[in-house]
Amino acid sequence: MRTIPVSPLSRAAVAASLALAGLQAHAACTLADTRIHQVQGSGPQSPMQGRTVTVQGVVSSLLYGKDGPVGFFIEEAPQNRDADPSTSEGVYVYTGKLALPALKAGDVVGVKGKVLEFKRNGDAASETQLQPSAAADVQTCGYRGELAPATLRLPLSGDAAQLESLAGMAVKFEQPLFVIDSYNYGRYGELTLSSQPRQWVPTQLYRPGSAEAQALRAANPRDRLLLDDGRTWQNADAWLPGPGGLSAANTLRVGDRLDGLVGVVSFSNGAYRVQPLSQPQVAAANPRAAAPARKAGHLRVASFNVLNFFNGDGKGGGFPTERGAKTRDDFLRQKAKIVGAIRQLDADVLGLMELENDGFGPQSAVKELVDALNAGVDADKQYRFVDPGLPKIGTDAITTGMLYRPSRVKPDGAAQALAIGDPARNRLSLAQTFAVDGKKLTLVVNHLKSKGSSCAQDKIDGVPDVDTGDGQGNCNLTRVQAARDLVRWAKQRGASAKEGLLVIGDMNAYAKEDPIGAFEEGGLSNLLARFRKHAYSYVYQGESGNLDHALADAALAKWVADAGEWHINADEPTALEYGSEFKSASQRENYYAPDAYRSSDHDPLYVDLQLVPIAGADEVALGMLGLAGFLAWRRRR
């Protein structure tokens, strides 16, 4: 519903203000022949395309390029608006490099320009614009004062006509809004906002294809809107949170709250968005968490996708690499963050994903990581890497890896590289058994086929592995086949009550999807579902869920004291990553810190095992105390 103040502005008043300002009346100020709502029309495109018109309106805000304003938004004066809610009373005036008069919000301007529908290649919709051909076609006509913005709330109706009817107009949100995605914040100044602190991947909460999953899939897009930064160039300094803007120490996380948002509705790059009129107040509703504490005597096992950890040729050269850092300096920045995160995670055994698959020699990525982790730390905190005795693990550019502390666990037998599912599609899994505290722990580290590329040419049990549209994406059957092969391998081991199995890693499947169901149906317990009500390790296109999982067999499940994620990455802006691309020199300095935060795009997960039952230990201790008391009593007798 629009809020319109009752304070009419007559032509006589405009003329009077012009006279007071010592300005000469211009045709654009005195001979407006068209209303803004006529330019906009009641449909998605202007009915006046290609025509040159003269309008008059009140400036709400300016849009800036690197060298100054490139356009501005104007709204029709209140007394000249129509009664049709489907027609917008605002429009964007694109001026490019024209020499504009100094404009501010509340100025009355006259504009003579051509009506155009602007869109980029691939855009499904367009933005109605006025484009003056000369600087003289934009004239200041006095000052009216800022107009009251219309009220807008999330969730939206789902009909694009809702935002189209407000295109070019100022709006305000009288509700708190929350950041749900910041992927493009550093480069394009975009934040995705919602009325909820977090939006969930439908298949994180519900079975694929279920009525509940379909309902959530439809509801999520209605409850989000892009907040832009009012600037048209890339890599501008990120402006929130205030007062100094984004930095490594002043982050803006998924779940943080914005209050008092006021802006102008615009359309560009294929999406409606809000260009801010003022800086909203930001509340850190999802603050950074310290590393999860661990109890004495527990064994910690963890899993961490390290975001393409490639060390070039291992001698300081070989950059840019196939997947990771573009320069050695960037790699060193990446290494510092990964090392910082792993050290704070304090795992005794650690599974890794997205390591460079370059073997186990002196120049390998895993060797360089272990050397960096061990530098300057006590012997009981140092790591070794598991070597399965192969030149490389599989043929993919990335691989899995495993680190362990010899002060805490001892390898029991040789490591195995397990072929699961279609070897042309699935990376090999890495398995190793450890002896610890009189028991055996077998850990299997996995990185199942991603959703990013098609498997439509493959058949699993005679069925083409296509994206069926149920929310599980590409290659779901390939991942299911891999999960079932792992379960089959686990059952063939013949494990005893003193040997537990833990399957961890990036499964590229959310909690309710078929691959995780295959693990559960095979007798493995989903530890994050057991210990965390709302688990997530990844944010993609504004939706959260956990692609990273820890699954235990019956023996190991009895030893688990806790399991969870450390939310250092998924909620953080990508701008805080190590890379120098799309950043100025000051941003490379300001956005970076050699800490754990945004060291990767996945959050690490951990599982704490209580291998020596505390209850039994307590009973022994109490018994000893009782015996000591009895002996003391006898001595007193």
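Checking the condition farther than 26 Å from residue 339 by Cα, in contact with a strand residue (DSSP E or B) (Cβ under 6 Å, 6 or more places away or on another chain) and of a type in the set (Asp, Glu), which residue from 521, 543, 565, 513 passes?
Working: 521 fails: in contact with a strand residue (DSSP E or B) (Cβ under 6 Å, 6 or more places away or on another chain); 565 fails: farther than 26 Å from residue 339 by Cα; 513 fails: in contact with a strand residue (DSSP E or B) (Cβ under 6 Å, 6 or more places away or on another chain).
Testing whether each residue is farther than 26 Å from residue 339 by Cα, in contact with a strand residue (DSSP E or B) (Cβ under 6 Å, 6 or more places away or on another chain) and of a type in the set (Asp, Glu) leaves just 543.
Does residue 414 qualify as being assigned by TED's automatic domain parsing to the domain that holds residue 482 and under 27 Å from residue 370 (Cα atoms)?
Yes; evaluated as a whole, the condition is true for this residue.
Given the residues 323, 333, which is the only one that is at negative phi, in a loop (DSSP other than H, G, I, E, B), under 24 Å from the mean Cα position of the chain (by Cα) and assigned by TED's automatic domain parsing to the domain that holds residue 429?
Selected residue: 323, the only one of 323, 333 that is at negative phi, in a loop (DSSP other than H, G, I, E, B), under 24 Å from the mean Cα position of the chain (by Cα) and assigned by TED's automatic domain parsing to the domain that holds residue 429.
Take segment 136-153 and flag every residue that is under 18 Å from residue 36 (Cα atoms), not in a helix (DSSP H, G or I) and not small (Gly, Ala, Ser).
Scanning segment 136-153 gives 138, 139, 140, 141, 144, 146, 147, 149.
Here are 125, 150: which of them is of a type in the set (A, V, I, L, M) and at pLDDT 95 or above?
150
Of all residues in segment 295-318, count the ones that are part of a strand (DSSP E or B) and not aliphatic (A, V, I, L, M).
Of the residues in segment 295-318, 6 are part of a strand (DSSP E or B) and not aliphatic (A, V, I, L, M).
Among the residues of segment 104-117, is there at least one that is surrounded by fewer than 16 Cβ atoms within 10 Å (Cβ to Cβ) and free of Cβ contacts under 8 Å to residues at least 40 places away in the same chain?
First, the residues of segment 104-117 that are surrounded by fewer than 16 Cβ atoms within 10 Å (Cβ to Cβ): 104, 106, 117.
After this cut, where a residue has to be free of Cβ contacts under 8 Å to residues at least 40 places away in the same chain as well, the list is none.
No: segment 104-117 contains no residue that is surrounded by fewer than 16 Cβ atoms within 10 Å (Cβ to Cβ) and free of Cβ contacts under 8 Å to residues at least 40 places away in the same chain.
Go through (1) at pLDDT 95 or above; (2) within 20 Å of residue 275 (Cα to Cα); (3) assigned to a loop (DSSP other than H, G, I, E, B) one by one and return the number of the condition residue 133 breaks.
(2)
Does at least one position in segment 507-515 carry a residue that is of a type in the set (Ser, Thr, Tyr) and part of a strand (DSSP E or B)?
So far as segment 507-515 goes, no, none of its residues is of a type in the set (Ser, Thr, Tyr) and part of a strand (DSSP E or B).
Just to verify a result, which residue in segment 529-566, among those that are assigned to a loop (DSSP other than H, G, I, E, B) and surrounded by 21 or more Cβ atoms within 10 Å (Cβ to Cβ), is nearest to the chain's Cα centre (by Cα)?
Ranking the qualifying residues of segment 529-566, first place goes to 542.
Could you identify the single residue in 243, 221, 287 that is modelled with pLDDT under 95 and surrounded by fewer than 20 Cβ atoms within 10 Å (Cβ to Cβ)?
243
When you go through 101, 176, 155 one by one, which is the residue that is surrounded by fewer than 21 Cβ atoms within 10 Å (Cβ to Cβ), farther than 25 Å from residue 227 by Cβ and not aliphatic (A, V, I, L, M)?
Residue meeting the stated conditions: 101.
Under the condition of being in a loop (DSSP other than H, G, I, E, B) and of a type in the set (Gly, Ala, Ser), which residue from segment 449-478 is surrounded by the fewest Cβ atoms within 10 Å (Cβ to Cβ)?
462
With respect to residue 123, is the statement that it is of a type in the set (D, E, K, R), more than 38 Å from the chain's Cα centre (by Cα) and either surrounded by fewer than 18 Cβ atoms within 10 Å (Cβ to Cβ) or in a loop (DSSP other than H, G, I, E, B) (or both) true?
Judged against the criteria, residue 123 is not a match.
Six or more apart or on different chains, Cβ under 8 Å: which pairs go from a residue in segment 206-229 that's farther than 23 Å from residue 184 by Cα and assigned by TED's automatic domain parsing to the domain that holds residue 175 to one that's among the aromatic types (Phe, Trp, Tyr) and outside any strand (DSSP E or B)? Could you list them?
That search, which allows pairs on different chains as well, returns 212/206; 213/206; 216/206.
Kindly indicate which of 47, 69 is surrounded by fewer than 20 Cβ atoms within 10 Å (Cβ to Cβ), under 30 Å from residue 237 (Cα atoms) and modelled with pLDDT of 95 or more.
None of the others qualify; the one that does is 69.
So the check is Cβ under 6 Å with 6+ separation or different chains; which pairs have a first residue in segment 513-535 that's closer than 29 Å to residue 255 by Cβ and assigned by TED's automatic domain parsing to the domain that holds residue 303 and a second one that's part of a loop (DSSP other than H, G, I, E, B) and of a type in the set (Gly, Ala, Ser)?
What qualifies is 515/509; 516/509; 528/535.
Please state which of the following conditions residue 53 fails to meet, knowing it meets all the rest: (1) of a type outside the set (D, E, K, R); (2) surrounded by 17 or more Cβ atoms within 10 Å (Cβ to Cβ); (3) free of Cβ contacts under 8 Å to residues at least 24 places away in the same chain.
Evaluating residue 53 over (1) of a type outside the set (D, E, K, R); (2) surrounded by 17 or more Cβ atoms within 10 Å (Cβ to Cβ); (3) free of Cβ contacts under 8 Å to residues at least 24 places away in the same chain leaves (3) as the failure.
Please work out if residue 394 is among the small types (Gly, Ala, Ser) and either outside any strand (DSSP E or B) or surrounded by fewer than 16 Cβ atoms within 10 Å (Cβ to Cβ) (or both).
Yes.
Any residue that is in a strand (DSSP E or B), within 32 Å of the chain's Cα centre (by Cα), on the phi < 0 side of the Ramachandran plot and among the hydroxyl-bearing types (Ser, Thr, Tyr) - is there at least one of those in segment 420-434?
Yes - at least one qualifying residue is present in segment 420-434.
Can you run down the residue pairs with Cβ atoms below 9 Å, 6 or more apart or on separate chains, where the first is in segment 36-47 and under 14 Å from residue 85 (Cβ atoms) and the partner is surrounded by 17 or more Cβ atoms within 10 Å (Cβ to Cβ) and among the β-branched types (Val, Ile, Thr)?
The qualifying pairs are 37/87; 40/87; 40/91; 40/128; 41/87; 41/128; 42/87.
Which condition number in (1) exposed (fewer than 15 other Cβ atoms within 10 Å of the Cβ); (2) of a type in the set (Ser, Thr, Tyr); (3) out of contact with any helix residue (DSSP H, G or I) (no Cβ under 7 Å at 6 or more places or on another chain); (4) modelled with pLDDT of 95 or more is the one that residue 407 fails?
Among (1) exposed (fewer than 15 other Cβ atoms within 10 Å of the Cβ); (2) of a type in the set (Ser, Thr, Tyr); (3) out of contact with any helix residue (DSSP H, G or I) (no Cβ under 7 Å at 6 or more places or on another chain); (4) modelled with pLDDT of 95 or more, the lone unmet condition for residue 407 is (3).
The values are calculated or read from the model by the stated rules, or taken from the named source; none is laboratory data. As the structure is a prediction and not an experimental result, all values here were calculated from the model. Quick reminder, even Gly has a Cβ in these numbers, built from the backbone with ideal geometry, and neighbours come from all protein chains shown.
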